[in-house]
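The values are calculated or read from the model by the stated rules, or taken from the named source; none is laboratory data. None of these values were measured; they are calculated from a predicted model. Every residue, glycine among them, receives a Cβ derived from its backbone with ideal geometry; neighbour counts consider all protein chains shown.
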Amino acid sequence: MTSENMKKATLILFLTLLTLTIHAQQQATAVRFGFLSYEAVMQSMPDYAVMQENMKLLRQQYEAEQHRSEDEFNKKYEEFLDGQASFPKTILRKRQSELQELLDKNVAFKHESQRLLEAAEADAKAPLASRINAVLVQLGMNRGYAFILNTDQNSALFINPAMGEDVTEEVKAALK
């Protein structure tokens, strides 16, 4: 291969690489995306305040029942302490067993009520999330976004503002 052909081949290779690089940069900058704080959007919805109030009332009902159970346990425990010196061993063991059973039931109820409250909150948030998701899909399709990021809990440490748009306020407005 002659020196002239070698120069032409090198030039063609260089131009090909340059074209590929420019094409890759154009494709990379063509990707657009949106981002938002999902939690801020949800909390801005009028239905969110209603859901929070309903959850507060449900929490209060569970807490009232827990207090009632604790009061019942405390009363029986005080009766046990007052009479333990005079109880025969069989009655003492029976009362201890009753107290342990009552304590176990109270602990189980506390755990179950926590689980039920979490499930109730998830169920109450589901229609709100569904509405938000529908708006996000529509917005993403209309704007030609590749995706929309949720920035809550520091999940996106850096977002290049030249490539992405904060859509939080626009989604809030669409949901009101």
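Among the residues of the range 24-42, the ones that are aliphatic (A, V, I, L, M) and modelled with pLDDT of 90 or more come to 4 in all.
Whether a residue is in contact (Cβ under 8 Å) with a residue 24 or more places away in the chain, over 30 Å from TYR48 (Cα atoms) and out of contact with any strand residue (DSSP E or B) (no Cβ under 7 Å at 6 or more places or on another chain) was assessed, and LYS110 does not pass this test.
Name the single residue that is surrounded by the fewest Cβ atoms within 10 Å (Cβ to Cβ) among those in the range 140-176 being under 20 Å from PRO46 (Cβ atoms) and either in contact with a strand residue (DSSP E or B) (Cβ under 7 Å, 6 or more places away or on another chain) or of a type in the set (Ser, Thr, Tyr) (or both). Looking at residues that are under 20 Å from PRO46 (Cβ atoms) and either in contact with a strand residue (DSSP E or B) (Cβ under 7 Å, 6 or more places away or on another chain) or of a type in the set (Ser, Thr, Tyr) (or both), I get THR168. Restricting attention to the range 69-117, the residues being more than 22 Å from LEU58 (Cβ to Cβ) and more than 32 Å from the chain's Cα centre (by Cα) number 31.
Does GLN138 satisfy the criteria of being farther than 30 Å from PHE35 by Cα, in the same structural domain as LEU36 (by TED's automatic domain parsing) and polar (S, T, N, Q)? Outline the logic, then answer.
Numbers: farther than 30 Å from PHE35 by Cα: no; in the same structural domain as LEU36 (by TED's automatic domain parsing): yes; polar (S, T, N, Q): yes.
In short, no.
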